[in-house]
Amino acid sequence: FEQHALRAHAWIGTRTSVRERNFAARLESRIADAVFRINEEANLLIHAREQDLANVSELQGQHGLVTDFPEYKQDRKPPPVEMLQCLPPLEDFFARRGLPFIAKDNTEADDLIGTMTSVAVASGQDIEVSILSTDKDFCQLIGPQVRLAKYKARRKANPVKISDITDICDLKWFQSQYKGLHPGQHKDVLALVGDAADAIPGVKGIGPKRALQLLQEHGSVENIVLAGIGSKLAPFKLNEAVNQHAHSVLLGKQLVTIETGLDLGPLTEDWSQGLALQSSRLDF
């Protein structure tokens, strides 16, 4: 799971006490509520796990392609100052519960999770991977052994199981949402439709339904761009739209593609051998 996603999920779900008129008292009430929710949800994760559970975060750094696409994530609002100041980092919080903390300089948490997922699946040990996040980019990793558990916008009061705080997105769910596509094509969908959260522009005039049709017919963004160059797309006006946005669409696909082949050194070996995961801050 992503540390930032859990912390933001807990904070956004809280409410200040309407009984307190003093701002400081209201803030203190909200902090207490958020910490309680984090502890509650962390306990659910810990009690539900059968294998290893890892707390993945990201340190300072940027995506390597940002220099080619400076708009990437530019519209994403920073976390509330109160949340950053008042909710302590979760490394120690989870370490006391025996959960490893994993981060690497200049590497996004998505790519660390993607690589560990790939290593676990390739280990041949039938390891099942659950990714807890609100990021739809993780849909590209869904498979027979991999599922995405997305935090609910509204969770049940007093949750007692994981399904009370998350919606499960597995292979069956994906196939019902994106008929005729495989999860690896989800990044092509995002590149065509766009993603406001990451400032991925997409192609004007292409929505989810049209993107699905194009990918069912052509298979990938690259093939769609080639078809547009050859004026083979229908309706005809799509050719101009795709040609106009060809560069940003191809770059957008690279930006939303989660890395699955990072060199994690000894950590990779631990995963592939199914050993207990040790707390690691990867500084290389």
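The values are calculated or read from the model by the stated rules, or taken from the named source; none is laboratory data. Keep in mind that what you see is a predicted model, and the values were worked out from it rather than measured. Please note: Cβ atoms are built from the backbone with ideal geometry, for glycine as well, and neighbour counts cover all protein chains shown. To get the accessible areas, we keep the full protein, side chains included, count just its heavy atoms, and leave off ligands, DNA and RNA. Shrake-Rupley method; radii C 1.70, N 1.55, O 1.52, S 1.80 Å.
Structural remarks
- The set of residues in segment 118-138 that are open to solvent by less than 10 Å² (accessible area, probe 1.4 Å) and under 15 Å from the mean Cα position of the chain (by Cα) comprises ILE131, SER133, ASP137, PHE138.
- Residue check: ASN239 meets all listed conditions (1) surrounded by fewer than 17 Cβ atoms within 10 Å (Cβ to Cβ); (2) of a type in the set (S, T, N, Q); (3) over 24 Å from VAL121 (Cβ atoms) but one, namely (1).
- Given (1) touching a helix residue (DSSP H, G or I) at 6+ places or on another chain (Cβ under 6 Å); (2) open to solvent by less than 60 Å² (accessible area, probe 1.4 Å); (3) of a type in the set (S, T, N, Q), index of the condition THR166 fails: (1)
- Among residues of segment 170-192 being of a type outside the set (S, T, N, Q) and open to solvent by 50 Å² or more (accessible area, probe 1.4 Å), the one that is nearest to ILE258 (Cα to Cα) is HIS182.
- The conditions of being open to solvent by less than 70 Å² (accessible area, probe 1.4 Å), of a type in the set (A, V, I, L, M) and in contact (Cβ under 8 Å) with a residue 40 or more places away in the chain are not met by ILE206.
- Pairing each residue of segment 151-164 that is within 12 Å of GLU41 (Cβ to Cβ) and among the aromatic types (Phe, Trp, Tyr) with any residue that is open to solvent by less than 40 Å² (accessible area, probe 1.4 Å) and at pLDDT below 70, provided the two are 6+ apart or on different chains, yields C-beta distances under 7 Å for TYR151/HIS9.
Here is a yes/no grid of residues against (1) under 21 Å from the mean Cα position of the chain (by Cα); (2) assigned to a helix (DSSP H, G or I); (3) under 21 Å from THR117 (Cβ atoms); (4) not aliphatic (A, V, I, L, M):
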position	(1), (2), (3), (4)
LEU148	yes, no, yes, no
PRO159	no, no, no, yes
ASP167	yes, no, yes, yes
ASP188	yes, yes, yes, yes
ARG210	no, yes, no, yes
LEU215	no, yes, no, no
LYS232	no, no, no, yes
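- Failed item in (1) in contact (Cβ under 8 Å) with a residue 24 or more places away in the chain; (2) open to solvent by 30 Å² or more (accessible area, probe 1.4 Å); (3) out of contact with any Lys or Arg (no Cβ under 9 Å at 6 or more places or on another chain); (4) over 28 Å from ALA120 (Cβ atoms), with HIS245 passing the rest: (3)
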